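Student: First, the structure itself, so that you have it in front of you.
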Amino acid sequence: MTDTFDIKEFRRRMDGAVTSLKSEFAGLRTGRANPALLDGIMVSAYGSEMPLNQVGGISVPEPRMLTVSVWDKTQVAAVERALRESRLGLNPVVDGMTMRIPLPPLTEERRKELVKIASGYSEQAKVAVRNVRRDAMDTLKRMEKDGAMSEDEQKAHAGDVQKETDSVIENIDKAFEEKSVEIMQV
């Protein structure tokens, strides 16, 4: 019997869940300024909704300050409105075509809330990884049933899938732990 099960495809899908988790974490506010904080902000510009980074450059001049340099002066008001209306509690200071966005220190209560949000993101990533594991196990069972592999091969591959799953879940837990420490750091 030929063995055509490719665990790399399932590992790639699991790694995608980790990558997605890390980008979700980047959008969570910590004590330090991070340009990724503004990634989800959409600006009404030129008759459509555009990501903020397509209407201006974002930089970090100081640890608790972000700046947005708007490229078209007709869009300054739209960018300011988008920043104020975002759920991040930002209060931009307009200076010509540049906006300074001071990030006030987080309260203890807000930090704990952010850790809970991060926990939710990591749980979603774990669910996604477990769904990939289930798909892999279903594929193995189908291949065994169809005679594409023996029962021993199926069990060996199932063990490999479980090892990959455990490894990725461990990465998710580690990423969450690091993010929690970063959020709680004063």
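Student: Could you go through region 85-93 and let me know if any residue there is under 30 Å from Tyr46 (Cβ atoms), exposed (fewer than 15 other Cβ atoms within 10 Å of the Cβ), aliphatic (A, V, I, L, M) and out of contact with any His (no Cβ under 9 Å at 6 or more places or on another chain).
Tutor: First pass over region 85-93, keeping only residues under 30 Å from Tyr46 (Cβ atoms): 85-93.
Of the ones still in play, those that are also exposed (fewer than 15 other Cβ atoms within 10 Å of the Cβ) are 85, 87, 89, 91, 93.
Next, from what is left, pick out any that are aliphatic (A, V, I, L, M): 93.
Cutting the leftovers down to out of contact with any His (no Cβ under 9 Å at 6 or more places or on another chain) gives us 93.
Within region 85-93 (the criterion being under 30 Å from Tyr46 (Cβ atoms), exposed (fewer than 15 other Cβ atoms within 10 Å of the Cβ), aliphatic (A, V, I, L, M) and out of contact with any His (no Cβ under 9 Å at 6 or more places or on another chain)), the answer is yes, since at least one residue qualifies.
Student: Regarding Thr98, is this residue over 30 Å from Ala158 (Cβ atoms) and modelled with pLDDT of 85 or more? Please lay out each step first, then the result.
Tutor: On the way: over 30 Å from Ala158 (Cβ atoms): yes; modelled with pLDDT of 85 or more: yes.
Against the criterion (over 30 Å from Ala158 (Cβ atoms) and modelled with pLDDT of 85 or more), Thr98 qualifies.
Student: Conditions first: (1) closer than 30 Å to Arg110 by Cα; (2) at pLDDT below 90. Asp173 passes all but one, so which condition is the exception?
Tutor: Only one criterion in (1) closer than 30 Å to Arg110 by Cα; (2) at pLDDT below 90 is unmet by Asp173, namely (2).
Student: Would you confirm whether or not region 51-60 contains a residue that is at pLDDT below 80 and out of contact with any Gly (no Cβ under 9 Å at 6 or more places or on another chain)?
Tutor: Narrowing region 51-60 to residues at pLDDT below 80: none.
Checked region 51-60: no residue is at pLDDT below 80 and out of contact with any Gly (no Cβ under 9 Å at 6 or more places or on another chain).
Student: Another question about this same structure. Is there any pair linking a residue in region 6-25 that is in a helix (DSSP H, G or I) to one that is of a type in the set (D, E, K, R), with Cβ under 6 Å and at least six apart or on different chains, and which?
Tutor: The qualifying pairs are Ile7/Asp160; Arg11/Glu164; Phe25/Lys179.
Student: Can Asp3 be described as acidic (Asp, Glu), modelled with pLDDT of 85 or more, within 30 Å of Glu153 (Cβ to Cβ) and not in a strand (DSSP E or B)?
Tutor: Working: acidic (Asp, Glu): yes; modelled with pLDDT of 85 or more: no; within 30 Å of Glu153 (Cβ to Cβ): yes; not in a strand (DSSP E or B): yes.
Spelling it out, it is not the case that Asp3 is acidic (Asp, Glu), modelled with pLDDT of 85 or more, within 30 Å of Glu153 (Cβ to Cβ) and not in a strand (DSSP E or B).
Student: Right, next: For region 13-48, give me the residue count where each residue is in contact with a helix residue (DSSP H, G or I) (Cβ under 9 Å, 6 or more places away or on another chain) and more than 30 Å from Lys112 (Cα to Cα). Show your work before the answer.
Tutor: We begin by selecting, within region 13-48, every residue in contact with a helix residue (DSSP H, G or I) (Cβ under 9 Å, 6 or more places away or on another chain); these are 13-18, 20-32, 34-46.
Filter once more, so that each one left must be more than 30 Å from Lys112 (Cα to Cα): 13, 44-46.
So the answer is 4.
Student: Considering region 11-50 alone, what residues qualify as being among the charged types (D, E, K, R) and farther than 30 Å from Pro105 by Cβ?
Tutor: Initially, region 11-50 is screened for residues among the charged types (D, E, K, R), giving 11-13, 15, 22, 24, 29, 32, 39, 49.
Result: Arg11, Arg12, Arg13, Asp15, Glu49.
Student: Any idea which of Val43, Val94, Val60 is in a strand (DSSP E or B) and within 19 Å of Ile183 (Cβ to Cβ)? Step through it out loud before you land on a result.
Tutor: Numbers: Val43 fails: within 19 Å of Ile183 (Cβ to Cβ); Val94 fails: within 19 Å of Ile183 (Cβ to Cβ).
After applying the criteria, what remains is Val60.
Student: Name the one entry in Gln124, Gln162, Gln154, Gln75 that is over 30 Å from Thr19 (Cβ atoms) and either assigned to a helix (DSSP H, G or I) or modelled with pLDDT of 90 or more (or both). Outline the logic, then answer.
Tutor: Details: Gln124 fails: over 30 Å from Thr19 (Cβ atoms); Gln162 fails: over 30 Å from Thr19 (Cβ atoms); Gln154 fails: over 30 Å from Thr19 (Cβ atoms).
Exactly one residue qualifies, and that residue is Gln75.
Student: Here's a follow-up. Please pick out the residue among Asp39, Asp72 that is within 21 Å of the chain's Cα centre (by Cα), surrounded by fewer than 19 Cβ atoms within 10 Å (Cβ to Cβ) and of a type in the set (D, E, K, R).
Tutor: Numbers: Asp72 fails: within 21 Å of the chain's Cα centre (by Cα).
Step by step, each of Asp39, Asp72 is checked, and only Asp39 is within 21 Å of the chain's Cα centre (by Cα), surrounded by fewer than 19 Cβ atoms within 10 Å (Cβ to Cβ) and of a type in the set (D, E, K, R).
The values are calculated or read from the model by the stated rules, or taken from the named source; none is laboratory data. For clarity, every value in this text was computed on a predicted model and none was experimentally measured. Note that each Cβ is placed from the backbone with ideal geometry, even for glycine, and that neighbours are counted across all protein chains shown.
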